[in-house]
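Taking it in order: structure first as structure tokens, then the write-up.
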Amino acid sequence: MGKPTGFLEFTRELPTKRSVEERVNDYNEFVNRYPDEKLNQQSARCMDCGVPFCHNGCPLGNVIPEFNDAVYRKEWKEAYDILSSTNNFPEFTGRICPAPCETACVLGINQPAIAIEEIEKHIIEIAFDKGFVQPKKVNKRTGKKVAVVGSGPAGLAAAAQLNYAGHTVTVFERDDQAGGLLRYGIPDFKLEKWVIDRRLKVLEDEGVTFKCNANVGVNVSVNDLLREYHAIVLAGGSTVPRDLNVPGRDLKGVYFAMQFLKQQNKRNAKLDPLANAAIESNILPEDVFATGKNVVVIGGGDTGSDCVGTSNRHKAASVTQFELMPTPPKDRTAFMPWPTYPMTLKTSSSHEEGADRKWAIATKEFIGDENGNLKALKIVDLEWKSSEDGRPSSFVEREGSERIIPCELALLAMGFVNPQYVGLLEQLGVELDERKNVKATEKEYKTNINKVFTAGDMRRGQSLVVWAISEGRECARKVDEFLSGTSLLETKDQTATFYAI
Ligand SMILES: Cc1cc2nc3c(=O)[nH]c(=O)nc-3n(C[C@H](O)[C@H](O)[C@H](O)COP(=O)(O)OP(=O)(O)OC[C@H]3O[C@@H](n4cnc5c(N)ncnc54)[C@H](O)[C@@H]3O)c2cc1C
Ligand code: SF4
């Protein structure tokens, strides 16, 4: 524990951000770094609790009190070693993790939680600045070849770990650049893409091979992979978006959020946003901008919030965000006690930039003009009833609330239902679970097909970057056991135990 009285002396402070007025004019990140003194004070707040619930809150089992202590003592290499023992990519989670660790922080019972996510980002950025992050030399190759399909955080974590175990890893990615949703879903203003490139360079230098524009099941044969590799990890994500099949869905101006977001990320990368439109259904055949339009984002989650931020940068005339569910409570209720992850009202940095957020609204129709362009939405208010556990359980439309609002661009951000079956999964013949995700237990990560494993959103359904990294790591251990009979790759419990004793 760095400073025994730290939590009494200092309160939670987050780093400053560039002003809203300034940052909506570009797509760059806008969260500044802490000055040295502030970082020291924030790490000093950690109480090194006897039972650190934050470990459990973090899906990676990050060893948080120990790295906070090292940061307080300015032992940067030690802090980096502790952090990287459980997390391959803290530069991603330190920027975009919703930080379930912080909602489990013991200090959070009666004070604002430790700023764990920010401290994590500082440790890794200082480690890169000081040259601690170097490609690890793999001493002995096993002669076993592993194909990882998909280069999102799950595929990258699996590839990194399997490479450390000595296997020869090739990552196949159907997009033109690696990174999965980090690259083409999450906007640059949350995660600039040089951050991904910097990590890919380390992985390449360590020996991982990346093959982009390689769509397994389309231009890369599934049978070739089965024949040539000793194991395959499916990490293709959950990519089928939930649709809203109401009248007018086909109008010009109604798009999936990912179609809109991917275009902008490509523009930022100075790539053609329309390339491959003829063969890929999630690429629109024409440029879509929110500029001067009344934008309605349908869906209240992270993806929706990213559409809000992007629309504001396009200079939309207005940005409204609808959510079907009722307004969440501001604070924990009896049904969401500490240290569970609370479903409370979250205001993202994109919301700070301006959006009219409305809850308990259903969209009944998209209304078009004579040329087939969207011009309005027919919406209605909902009245929700809650079940005994406090969760909203059923709704009815409020009588007389139906109305029409102007809207020239509607973005559907209602989540993803399951991975794409056609192509890769169909040709492999993998079994699916009841939610149509690839079936494999969280203990084994093994599908019904011999030597084929799966991790990330493709297995657990739409989730978070931190879960994808965790799944990639745990899956790699299972693949290593399959290939080598045993594995030296540590589980998160083993790492936590190591630091505890
Ligand atoms: C807009 C948006 C914003 C988000 N924001 C956040 C956030 O702020 N914080 C957070 O924690 N999470 C966020 N998420 C969720 C997070 O991005 C995902 O949970 C995470 O990326 C899943 O990782 P993954 O590796 O399982 O899959 P993905 O990141 O989806 O990667 C899968 C990759 O596999 C490739 N692929 C699929 N099939 C094939 C094939 N047949 N051949 C070759 N390649 C293939 C895909 O092209 C893709 O690149 C967001 C999601 C979206 C859509
Ligand atoms: S990865 Fe996410 S949950 Fe884990 S310590 Fe970092 S911010 Fe917290």
Relative contact order of region 82-234, defined on C-alpha pairs under 8 angstrom at six or more residues apart (%): 25
Residue pairs, from the table LYS190/LYS358; LYS74/LYS315; LYS266/LYS346; LYS451/LYS492; LYS74/LYS145, whose Cα atoms sit over 32 Å apart: LYS74/LYS315; LYS74/LYS145
Separation of alpha-carbon centers, region 1-15 and region 95-137, rounded to whole Å: 15
Most to least packed among 140-149, 468-477 [average Cβ atoms within 10 Å]: 468-477, 140-149
Per-peptide average of other Cβ atoms within 10 Å, ordering 254-264, 240-250 highest first: 254-264, 240-250
Under the Debye formula (equal points on every Cα, no solvent term), log10 I(q)/I(0) of region 181-314 at q = 0.16 Å⁻¹: -1.00
Over the chain, relative contact order from alpha-carbon pairs under 8 Å, at least 6 apart, %: 17
Environment charge at CYS58 (Cβ cut-off 11 Å; Lys +1, Arg +1, Asp -1, Glu -1): -2
Whole-Å distance, taken between Cα centres, linking region 382-431 and region 288-332: 15
For region 210-283 and region 462-477, distance of Cα centres in Å: 21
Proportion of all alpha-carbon pairs of region 1-145 beyond 20 Å (%): 49
Rounded if a/c under 1.5, otherwise prolate or oblate - region 246-316, Cα gyration tensor axes: oblate
Computed magnitude of the charge dipole of the chain (debye, nearest 20; Cβ of K, R +1, Cβ of D, E -1): 700
Antiparallel content of DSSP bridges confined to the chain, in %, to 5: 40
Cysteines having no other Cys beta carbon under 4.7 Å from their own, within the chain: CYS46, CYS49, CYS97, CYS105, CYS212, CYS307, CYS407, CYS475
Ellipticity estimate at 222 nm from DSSP helix runs (n ≥ 4, -39,500 (n - 2.57)) divided over the chain, nearest 500: -9000 deg cm²/dmol
Ellipsoid equivalent to the chain - semi-axes via the Cα gyration tensor, in Å: 36, 31, 22
DSSP-assigned coil residues among GluC sites (Glu not before Pro) in region 55-92, each with at most 16 further Cβ atoms within 10 Å: GLU75
Region 230-310 - percent relative contact order, Cα under 8 Å, separation 6 or more: 24
Rounded D (µm²/s) - region 141-252, Kirkwood Rh over Cα pairs, Stokes-Einstein at 10 °C, 1.306 mPa s: 104
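Every read-out reported here was derived from the displayed coordinates using simple, explicitly stated rules and does not represent laboratory data. Predicted model only: the values in this text are computed from it and were never measured. Backbone-built Cβ (ideal geometry, glycine too); neighbour counts: all protein chains shown.
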